[in-house]
Amino acid sequence: MTAPPHTSSSPEHGPDGGDAGVPDVDAEAVVALTQALVRLPTVNAEGAAVVEQPAADLVAEVMRGFGWQVHVAEVAPGRPNVVGVVQGRPGGPTVMFEGHTDVVTAGDPALWSFDPFAGDIVDGRLRGRGSADMKSGVAAMIHAARAVELAGFAGRILVAALADEEGMMLGAKYFAAHQAAALAPEGIAGVIVCEPEAGEVCTVAKGAMRLLVHVHGVMAHGAMPQHGRNPLPAVGAFLVGMSALQDRLTAEFGDHPLLGRVFVTPTVLAAGDPAQINVIPALATVALDIRTVPGVDHAELLSTIGALAERVAGESGLRAELVVVDDRPPVDTPESEPVVAALRAAHREVTGVEAAIGGVPGTTDGTILTRDAGLATVVYGPGGKWIAHQADEFVEVAEIVQACRVFAAAARRLLVAA
Ligand SMILES: [Zn+2]
């Protein structure tokens with residue numbers, strides 16, 4: 001992606017001159033903070049002793065250095081949410097920036113052409129795991145809020161660097177349950193989730209469900225199957241039913257203009273033991289990864305799937321069990337929400353072009369903030385949409401600075417008029 005003419009990768013980014021409404025951001029500091037965060041390998045791996053802590057500590061230190069109130073809360077042992085509260089003049093609303101401090105694994109370092117935690121800058125690109133997803137977004141939101149603070153505003157800005165987005169989103173769940181009402185008793189007018197979306201203003205996000213379907217049979221010798229009950233034929237019928245369900249949902253919901261189709265994808269099939277071909281297994285398990293679009297009713301979909309599992313199992317005299325591992329509904333934030341309008345106007349103001357309206361193919365912490373706290377969320381941030389979780393992850397330095405300026409201009413639009 002090429003940098004719009006307004007932005008500069010130069011650390012000596014000067015005052016904004018003619019750009020009324022865009023507070024001057026500290027470009028050098030935002031890039032340096034991104035680098036420092038990328039160099040902390042905060043990998044969200046199963047059983048890891050240390051995940052977000054070093055990045056959370058750094059973020060808290062920067063926020064305290066600005067004189068902000070900083071609230072640190074452990075959402076699990078050693079897994080902190082850090083929320084900075086920037087207080088303006090009385091009378092304005094509360095707006096929120098959100099990011100996460102964990103990253104996914106770098107995978108095999110041999111797949112990378114550089115050190116995955118280098119945090120260096122080569123040819124205008126800041127490189128490393130988490131550079132796009134989303135330490136640049138975290139750095140940009142912090143320095144955007146600082147710029148708005150220095151320029152003066154009414155209201156309050158919450159700057160939330162949360163834990164475990166790449167896992168079960170424990171940080172966002174904790175924030176919605178325990179911190180939102182405590183830190184903003186008057187409510188939060190809108191949330192900008194600073195994930196890498198290549199400059200698109202993403203008002204919609206797909207929903208996701210992770211399900212397990214267990215079909216319980218009776219173990220028996222393969223020579224005497226009449227003494228057992230084999231769950232596998234029922235699983236076969238169930239999988240055929242899932243294909244039919246996907247076809248029905250495709251016919252009903254078609255192609256969402258920003259999100260595409262509904263997917264019902266079996267991803268795991270577990271039963272029996274390849275070394276024990278003469279044993280009828282007692283249990284077969286199917287895992288489903290379901291991706292939905294606005295309009296799909298998750299509760300209804302669950303009952304459809306549960307009923308099918310019971311029917312096909314029942315036809316073989318078996319019992320089916322449906323386990324909901326995770327249920328994240330689709331997000332559909334109206335374009336009329338002030339936070340969306342402010343972000344679009346800010347993007348135009350900073351870049352000189354209209355922002356594309358986009359959709360998030362996966363889920364973000366914004367999904368949880370909307371689901372659990374009813375907040376209006378919109379996703380926008382530096383970095384390419386598709387580079388997240390890949391080897392050789394990078395973010396254009398110019399995009400970090402541009403996003404920081406857009407964040408600041410958007411917040412100012414929401415906060416200064418008050
Ligand atoms: Zn992310």
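The values are calculated or read from the model by the stated rules, or taken from the named source; none is laboratory data. Keep in mind the model is a prediction, meaning the values are calculated, not measured. Don't worry about glycine lacking a Cβ; one is built from the backbone with ideal geometry, like all the others, and counts go over all protein chains shown. The accessibility values were calculated without ligands, DNA or RNA, using every heavy atom of the protein model including side chains. Shrake-Rupley method; radii C 1.70, N 1.55, O 1.52, S 1.80 Å.
Give the carbon-plus-sulfur fraction of the accessible surface of the stretch 207-328 in %, rounded to a whole number; probe 1.4 Å, heavy atoms of protein chains only. It would help to have the intermediate numbers written out before the result.
Numbers: 3580 of 6230 Å².
Taking all protein chains in place, the stretch 207-328 shows 57 percent carbon and sulfur surface.
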_Leading residue at positive end of dipole, the stretch 136-293 (Cβ point charges), from 239, 205, 184_ = 239
_Signed unit charges on C-beta, dipole axis of the chain, positive-most listed residue 175, 159, 409_ = 175
*Please state the charge dipole magnitude for the chain, taken about the Cα centre, from unit charges on C-beta atoms (+1 on K and R, -1 on D and E), reported in debye and rounded to the nearest 20.*
600 debye
*Over the stretch 207-328, what number does the Rg to Rh ratio reach, with both radii from the alpha-carbon atoms and Rh per Kirkwood?*
1.05
*Length gain on complete extension for the stretch residue 110 to residue 315, per 0.36 nm per residue less the alpha carbon to alpha carbon distance?*
68.8 nm
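How large is the charge dipole for the stretch 207-328, taken about the Cα centre, if only the Cβ atoms of Lys, Arg (+1) and Asp, Glu (-1) carry charge, to the nearest 20 debye? Numbers along the way, then the final one.
Details: 8 positive and 12 negative charges, 42 e Å.
Its charge dipole is roughly 200 debye.
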_Peptides 192-201, 128-137, 260-269 ordered by average Cβ neighbours within 10 Å, highest first_ = 128-137, 192-201, 260-269
*Work out from phi, with θ = phi - 60° and the Karplus expression 6.51 cos²θ - 1.76 cosθ + 1.60, the ³J(HN,Hα) of each residue of the stretch 64-81, listed in order in whole Hz, and give x for Gly and Pro.*
5, x, 7, x, 6, 5, 10, 10, 10, 9, 7, 8, 7, x, x, 10, x, 8
*Calculated from backbone phi, Karplus (6.51, -1.76, 1.60) coupling profile of the stretch 250-257 in Hz, x at Gly/Pro*: 5, 5, 6, 9, x, 9, 5, x
_Amide H contacts of residue 125 (H built 1.01 Å from N, under 5 Å, at least 5 apart or other chain)_ = 397
*Counting only residues 5 or more places away or on other chains, whose amide H sits under 5 Å from the amide H of residue 92 once H atoms are built in the peptide plane?*
155
*Quick one: what does P(r) look like for the chain with 10 Å bins over all Cα pairs, in whole %?*
5, 21, 28, 22, 13, 7, 3, 1, 0
*Among 330, 298, 308, whose Cα lies farthest out toward the positive end of the dipole of the stretch 286-332, if unit charges sit on the beta carbon of Lys, Arg (+1) and Asp, Glu (-1)?*
308
*Mind giving me the nanometre distance, one decimal, between the label points for residue 337 and residue 61, set 7 Å out from Cα along Cα→Cβ?*
3.4 nm
